[in-house]
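A short worksheet on the structure shown next.
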Amino acid sequence: MSWRSIVGHKLRSTLTTLGVIIGVAAVIAFVTLGASLQADIVNTIAGNNQDVMYVSASSQTQGDIPQLGQGGQAVFTQYDTAQIRQIQGVQAAVPVGGIATAQVQYRNDSVGRQWVTVSRPQYFQLKGQRIVEGRSYRPGQREVVLNRPAARMFAENVTVGENITLVKAANGQPINATVVGIAEASQDGAGALTNGAQPSIYAPTDPFYERTVISPNTDEQQRVYSQILVSAVSIQEIEPTQGRIISYLTDRSDARVLKAEGYQFEVTTYDQLVDQIRQVSSTFTAYITGIAVISLVVGAIGIANIMLVSVTERTREIGIMKAVGAKRRDIMQLFLLEAILLGLFGSVFGALVGISGGYAATVLIDLPLRIRPLWFVVAVVVGPLVGVFAGLYPAWSASTVDPIDALRHE
Amino acid sequence: MDAHTDGEGSTEDAVVSLSGVYKVYELGEPVPVLDDVSLDVPRGSYTSIMGPSGSGKSTLLNLIGCLDTPTAGEIYIDGTNVTKLSDAERAMVRGEKIGFVFQTFNLMPRLTALENVAMPLSFRNVPREERTKRAKSLLADVGLADRVDHKPTELSGGQRQRVAVARALVNDPAIILADEPTGSLDSETSRQIMRLLEALYQRGNTILMVTHERDIAEHGERIVHVLDGEIERIEQLGESRRTPSVDEDAASAGEDAPEGEAWTS
Ligand SMILES: Nc1ncnc2c1ncn2[C@@H]1O[C@H](COP(=O)(O)OP(=O)(O)OP(=O)(O)O)[C@@H](O)[C@H]1O
Ligand SMILES: [Mg+2]
C-alpha cells in the first residue's frame, strides 16, 4: 500500500526524493573523483619506485615535503654515502647536491638563475625518471641532461649532442657542457604536484660539484651533499631500513658532526608522501561529507514535509483502516515504509547518478577511474535511515489519528 | 458465512450489551450526547436505531464499534468488556468482531474492490493467497464477481456499498454495524442493499442499523428509538417487519439488477 501511494504520486515522490538524490549523487561523484584524483597523484609521484627514500638534514621549520637537491644543509660526505650503501636493506645510494648558476647560455640566448642537480648516473634509474632521448651523463665528463621543459626554455630548442654554457653563481666561471640526454619532466617528490613542469638541469658530481669538507671520520677532504637518494631492496624493507639509516646517522656519521644545531635528520619515503596526500584528500572527503550531511538533512526535511502532507491528505483513509482493525503499529509501519522506500529510492538513484557523474568527470580530465564500493553500501544504508528519520514523526502522527475524526474528515 | 455455531436465536445470548453508558463531550461546558443508555442486542437479531438528527445514533454505534470510548458505563461485545481495553486491543476487537458499513461507503480510493475487501485481513496477518480467495468469494456473494479489479471510482454507489458490505463480512464478525447504509443511495439501490442485509440476517448474522427512514427501519425485528441521547422506547415489530421483495435472493441481487446498473459510472 505504501508502494502504491508512491507510484500514485510519481512526480511528487521524485521531487520529494530530490534532496536525497542530490546529496547522495554529490557524495558519490566527489568521492569517486577524489579517489581517482588521489590514485593519479600517487601514481605520478610514486610510480614504480616506491622503494625510494630521501635522506636529508633540515630545520624543523622547513616544509615537510622535500625538494630533491635543494634545501637542507649539505652535511652528507662521501664517507656517509659509502657507509649507508653498506647498511642492511639498502640496495643503492647516490648523493644528491645542487649548484646555483647565474646564467645558462645556449647559442645566442641565455636564461638566468638555474639550479643544477648533481648526482650519479644511476640517479634517473633510482628515481624512476625516464630519459626519453640520448643517455645519462657519465661521471668525470662535462655532460648534462636536461628535462623537457629545460630543453625548451631557450629561444631555440636544445637537442642531444649540442653544447650549453653554465655560469656558476659562486665565481662567475663559465663551464661548457654537452647535452647528452633529455629526461621526462621532473618527478622530484612534491615537485611533481607543484612545479613538475619546471626546467631542471642534471649533471655528474665530478667535475661540476666542488663543495667539500674535512670528513670527521676519515680526516680526508671530501665532497659533501645535502641529500642522499636511497633505494631499499624491497618495499617491505623500507621501514626497517629507514630506522637503520637514522640510527647510523645519529650515532656514527660525519653528518652528525657537521650538521647545524637545530637541524634534524630526515629519511622521507614515498609512503610518507603518499600519506600526506591521503591526509589532504581525506580533509577534502570530510568537507564533502559535511556538505552531504547538510543536503541529506534537507532531503530528510523534504521527505518529512511531504509525508506530513500525505498524512493530512489521507486522514480519512487512516480512519477507514483503523475502523477495519488496523492498529497504531500497522499505520505507523505503513507510513514508515513509505518514507523508507522514498529514502531508498533516493539513495539508489542518487548513487547511480553520482557514479555516472564521477565517471564522466574522470573521463573528461583523463584520470584513472577508482570506485569506492564502500560508499555505495553507505549510500544504500543511509537512504533508508534518512527515510526512518524523516518518516518517524509523520508516521507517529498518522498512527495517533482519531478514527472518528478521521472518518468525518472530508 | 456461518457466523454462529450457537446461533439458535436464543434472546438471552446478547452479542452487544450496554449498561449505563454515558458520553459527554467537553466543549467549555460538558455536552451530554448519550445519557444512561442500556441496551442488549441478541445474537442473530436485526435491530434498527431511529431518531432525529443529532440525537446520538452515530455516537452510540461508534461506541459499540470500539471507535470511541464511553465517558461512563460498560459495553460488552461478544462477552468482552471493551471499555477497559487498550488502544491496540480495541483495534483487535474492531478487526475481529465488528463489521462496519458507512453511509459514505468509506472505501480506500486507490485500492481495487478486491483489495478493499481483503484489507482487514492484512491487519491480522492472513496470508495473501487466503485473503484474495476469501475476498473473491465475498464479492461473488454480493454479486460483484465481475468487478473485483475495479477501483471505487469505477463503481456505482450501490456497487460501492456492496463492496463495503463484503468488506464488513470478511472477518466473519459477531455483529454488523451499519450507519445509514442507504443514506447515499436512491430507492432502487437501497432496496438492493436491504436485500443483501436480509440475506445476511437469514444466514444468522447480527445486524445493528442506524437509519432516518421509517420504511428502512422496519426491516428490523425491532426499532430502538433514540431521542436526545436517551432510548425513548423499543418498538417490537415481530411479524409486521418488512422483508424486501422475497422473490429475489440477495446473493443474486447484483447479477440480475439491471436497474441498479442504470447509473453505473
Ligand atoms: N467530537 C464531538 N465533539 C462535540 N460534540 C460532538 C462530537 N461528536 C458528536 N457531537 C455531538 O453529539 C451529538 C450527537 O451526534 P451524532 O453524530 O451521534 O448524531 P446522529 O444521531 O448520528 O445524527 P445524524 O442523524 O445527523 O447523523 C450531536 O449534537 C453532535 O453535535
Ligand atoms: Mg449520524
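Side notes on the structure shown:
- Compactness of chain A, taken as the C-alpha radius of gyration over 2.2 N^0.38 Å, stands at 1.50.
- Counting all C-alpha pairs of the stretch B:14-264, share separated by more than 30 Å (%): 25 percent
- Accessible-area loss of 40 Å² or more (1.4 Å probe, protein heavy atoms, chain alone versus all protein chains) is found in the stretch A:384-407 for A:ILE404, A:LEU407.
- Tilt relative to chain A, helix A:328-364 - C-alpha long axis, 0 to 90 degrees, to 10: 30 degrees
- Overall dimensions of the stretch A:74-258 by Cα: Rg and Dmax, Å: 17.1, 52
- Report summary: the helix-based calculation at 222 nm, which adds -39500 (n - 2.57) for every DSSP H run with n ≥ 4 and divides by the residues of the protein assembly as shown, gives -14000 deg cm²/dmol.
- Of the GluC sites (Glu not before Pro) found in the stretch A:98-157, those in coil by DSSP whose Cβ has at most 15 other Cβ atoms within 10 Å are A:GLU156.
- Estimated buried accessible area (total), pair B and A, 1.4 Å, Å² to nearest 100: 2100 Å²
- Apportionment of accessible area to carbon and sulfur, the stretch B:27-127, percent (1.4 Å): 52 percent
- Shape class for the stretch A:318-383, computed from the alpha carbon gyration tensor (a ≥ b ≥ c): prolate, with a/c not under 1.5 and a/b above b/c.
- Accessible surface calculations at 1.4 Å, restricted to protein heavy atoms, place chain B at 42 Å² per residue.
- With every protein chain in place, the stretch A:263-410: carbon and sulfur % of accessible area (1.4 Å): 69 percent
- At a threshold of 10 Å², the residues of the stretch B:83-99 that become less accessible to a 1.4 Å probe in the full protein assembly than in their chain on its own are B:ASP87, B:ALA88, B:ALA91, B:MET92, B:ARG94, B:GLY95.
- Secondary structure note: in the protein assembly as shown, about 75% of the DSSP beta bridges are antiparallel.
- Principal-axis tilt of helix A:373-399 within chain A, Cα atoms, nearest 10 degrees: 30 degrees
- Each Cα pair under 8 Å and six or more residues apart adds its separation to the average, and for chain A the resulting relative contact order is 29 percent.
- Accessible-area composition of the stretch A:74-258, carbon plus sulfur, in percent [1.4 Å probe]: 43 percent
- Tally of Lys pairs whose C-alpha atoms are under 22 Å apart, taken over the protein assembly as shown, 8 or more apart or cross-chain: 16
- Residues in the stretch B:103-151 occluded by at least 10 Å² - accessible area, probe radius 1.4 Å, against chain by itself: B:THR104, B:ASN106, B:MET108, B:PRO109, B:ARG110, B:LEU111, B:GLU115, B:MET119, B:PRO120, B:PHE123
- B:ARG124/B:ALA145 FRET efficiency (R0 22 Å; Cβ-Cβ; nearest 0.05): 0.35
- For B:SER38, the accessible surface of its heavy atoms amounts to roughly 70 Å² (probe 1.4 Å, protein chains only, rounded to the nearest 10).
The values are calculated or read from the model by the stated rules, or taken from the named source; none is laboratory data. Since we're looking at a predicted model, the values are computed, not measured. Cβ: placed from backbone, ideal geometry, glycine included. Neighbour counts: every protein chain shown. The protein model used for the area step is the full one, side chains on, heavy atoms only, and it has no ligands, DNA or RNA in it. Shrake-Rupley method; radii C 1.70, N 1.55, O 1.52, S 1.80 Å.
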